[in-house]
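Student: Supplied in structure tokens, the structure appears directly below.
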Amino acid sequence: MTDARDIQKEIHEFVTTNDVVLFMKGTPQLPQCGFSAAASKMLVSAGCSDFASVNVLADNEIREGIKTYADWPTIPQLYIKGEFVGGADIMRAMSENGELEALLRR
């Protein structure tokens, strides 16, 4: 008998062992949706070119699990130092008023 995969634990470990994590559709180099592309570009524009990313399209359990983890229904999702920041719309607002860059510098 094999152990069931603990998706919530996997997600928690990933977001707490990486300073900046973007759960997205595709990769920063090849995003698979406009919101994921925009989120990735906002991070780079805010001075964060070295961030971890998770392609949720490659793993449906992660894709569904991340929605439960943050109780947030959409992807992309940004985590900084283990804390959920938000999706593309929140990132856009934070980027426009300088909050995203300030948060990344902490």
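The values are calculated or read from the model by the stated rules, or taken from the named source; none is laboratory data. Since this is a predicted model, take the numbers as computed values, not measurements. Here the Cβ is made from the backbone with ideal geometry for all residues, glycine too, and neighbour counts use every protein chain on show.
Student: Have a look at SER45, SER36 and point out the one that is buried (at least 19 other Cβ atoms within 10 Å of the Cβ) and polar (S, T, N, Q).
Tutor: Going through SER45, SER36 in turn, just one is buried (at least 19 other Cβ atoms within 10 Å of the Cβ) and polar (S, T, N, Q): SER36.
Student: Of all residues in region 54-87, count the ones that are part of a strand (DSSP E or B) and farther than 20 Å from ARG5 by Cα.
Tutor: 8
Student: Quickly run through region 5-39 and pick out the residues that are over 15 Å from ASP89 (Cβ atoms) and in a helix (DSSP H, G or I).
Tutor: ILE7, GLN8, LYS9, GLU10, ILE11, HIS12, GLU13, PHE14, VAL15, THR16, THR17
Student: Oh, and also: Between ILE75, ILE90, ILE62, which is touching a Lys or Arg at 6+ places or on another chain (Cβ under 9 Å) and modelled with pLDDT of 95 or more? Talk me through it step by step, then tell me what you get.
Tutor: Numbers: ILE90 fails: touching a Lys or Arg at 6+ places or on another chain (Cβ under 9 Å); ILE62 fails: touching a Lys or Arg at 6+ places or on another chain (Cβ under 9 Å).
So the residue among ILE75, ILE90, ILE62 that is touching a Lys or Arg at 6+ places or on another chain (Cβ under 9 Å) and modelled with pLDDT of 95 or more is ILE75.
Student: In region 71-106, how many residues are within 16 Å of SER45 (Cα to Cα), of a type in the set (Asp, Glu) and either surrounded by 12 or more Cβ atoms within 10 Å (Cβ to Cβ) or within 14 Å of the chain's Cα centre (by Cα) (or both)?
Tutor: Matching residues across region 71-106 total 3.
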